[in-house]
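Reviewing the structure listed below.
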Amino acid sequence: MDAIRVALIGCGGISRVHVDALTKLEGVRLVSICDLIEERARERAAQAGGCAYTLNWQDYVADPNIDVVHICTPHYLHAPMAIALLKAGKRVLTEKPMASEVADAEEMIRVSDGRLGVVFQNRYNQSTQYIKQAVDDGRFGKLLGLRGSVFWHRTPEYYTSSGWRGAWATEGGGVLINQSIHTLDLLLYLGGKAVSVKGSASCDLLYDTIEVEDTAHCLLRFESGINASFYATNTYCADMPVEVEAKFERATLHLFAETLLQDVDGKVELICSSAATGEKAYWGTGHAALIRDFYKAVRENRPFWIDGASALPALKALKGVYESSKTAKPVLL
């Protein structure tokens, strides 16, 4: 079988993770990398073993030698790039959020024809899968509720040095759409169909630096009747491990980063624990597994399970928080 030929757009920090995963996959060849800054494109190309690079992502639209394109660019570019590439018949794997606006995400879904994948790598964590299986098989009885929290740290320089973060037009939001969308997605993945959200978003610390929120909270209501409580902030002094808790009739599962504790009648058991380390360990370790699974879907010519429709609820929910924050009323999802 011929190698799947891949291009990558955007050479920020997360692109290193994609390049590392791609270079370890059999039957997949990273043939080109794109960035507006030539030095960054050249550096990533060298990491990929010396592949080609370009400064113009539109080179990939009509290139018959490109099968799949990874999008690792600023948020506001996800939708226009993905739509153009999907219309050209490419498969696309985009980093979160799939788009900055719901309407753009819906257009991505409309033109995708089963060829779009979205990176929500934490769904692949062993801990997440254990909780999901407990929800699905009912081993601890009915799921009663969920909660999640993200306490991270972002400096003014993080925003001012980027050229796009911290502005509604380019980032599409703040802590909700950038840092904590993964945790919000996990609550939706575990809880099922959400029917409404009520919450608020504010800028409590960096109000003299950014337009968007650095702190938000919300209550998600699900079709099943359960609720999920969620809190996220970039105002803490460090990047703490994400916490998710699932309360069942006969057990409580507590996730701290990728360490999962199970409490049944006061007996606490360690289910699993990740050895993730390093500056970006809080990203989780699921990227390689997700990318590997995405290419399995490509080889089998079938849709990837985390497609546009699967990723859309998280975007709708966080946009609902922004609307609810203005109106002080629940927003239907």
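In the set Thr183, Thr128, which member is touching a residue at least 12 places away in the same chain (Cβ under 8 Å), under 23 Å from Gly266 (Cα atoms), out of contact with any Asp or Glu (no Cβ under 6 Å at 6 or more places or on another chain) and assigned to a helix (DSSP H, G or I)?
Only one candidate qualifies: Thr128.
Could you pull out every one of the strands (runs of 3 or more DSSP E) wholly within the stretch 191-278 that has 1 or more residues that are surrounded by 14 or more Cβ atoms within 10 Å (Cβ to Cβ) and in contact with a Phe, Trp or Tyr (Cβ under 7 Å, 6 or more places away or on another chain)?
On the way: elements: 194-202, 215-222, 227-233, 243-248, 252-256, 259-264, 267-272.
Per the criteria, 194-202, 215-222, 227-233, 243-248, 259-264, 267-272.
Can you tell which of Ser100, Ser112, Ser32, Ser15 is out of contact with any strand residue (DSSP E or B) (no Cβ under 9 Å at 6 or more places or on another chain) and polar (S, T, N, Q)?
Ser100
Name the residues in the stretch 48-78 that are surrounded by fewer than 18 Cβ atoms within 10 Å (Cβ to Cβ) and in a helix (DSSP H, G or I), would you?
Listed by number, the residues that qualify are Gln58, Asp59.
Out of Val6, Val69, Val31, which single residue is over 24 Å from the mean Cα position of the chain (by Cα) and touching a residue at least 24 places away in the same chain (Cβ under 8 Å)?
Exactly one residue qualifies, and that residue is Val31.
If only one of Val17, Val31, Val92, Val6 is of a type outside the set (Gly, Ala, Ser), part of a strand (DSSP E or B) and within 23 Å of Gly173 (Cβ to Cβ), which one is it?
Exactly one of Val17, Val31, Val92, Val6 is of a type outside the set (Gly, Ala, Ser), part of a strand (DSSP E or B) and within 23 Å of Gly173 (Cβ to Cβ), namely Val92.
For the stretch 103-133, give me the residue count where each residue is surrounded by fewer than 15 Cβ atoms within 10 Å (Cβ to Cβ), of a type outside the set (Gly, Ala, Ser), on the phi < 0 side of the Ramachandran plot and not assigned by TED's automatic domain parsing to the domain that holds Glu245.
Residues that pass the stated criteria total 1.
Just give me the residues in the stretch 134-166 being assigned to a loop (DSSP other than H, G, I, E, B) and either crowded, with 17+ Cβ neighbours inside 10 Å or in contact with a helix residue (DSSP H, G or I) (Cβ under 7 Å, 6 or more places away or on another chain) (or both), in sequence order.
Hits for the stretch 134-166 are Phe140, Trp152, Arg154, Trp164, Arg165, Gly166.
Output the number of the condition that Gly89 fails; it satisfies all remaining conditions of (1) surrounded by 19 or more Cβ atoms within 10 Å (Cβ to Cβ); (2) within 23 Å of Asp307 (Cβ to Cβ).
(1)
Is it fair to say Gly320 is at pLDDT 95 or above, within 20 Å of Gly191 (Cβ to Cβ) and out of contact with any strand residue (DSSP E or B) (no Cβ under 8 Å at 6 or more places or on another chain)?
Spelling it out, it is not the case that Gly320 is at pLDDT 95 or above, within 20 Å of Gly191 (Cβ to Cβ) and out of contact with any strand residue (DSSP E or B) (no Cβ under 8 Å at 6 or more places or on another chain).
The values are calculated or read from the model by the stated rules, or taken from the named source; none is laboratory data. This one's a predicted model, so the numbers in the text were calculated from it and none came from an experiment. With ideal geometry, Cβ positions are generated from the backbone for all residues, glycine too; neighbour counts draw on all protein chains shown.
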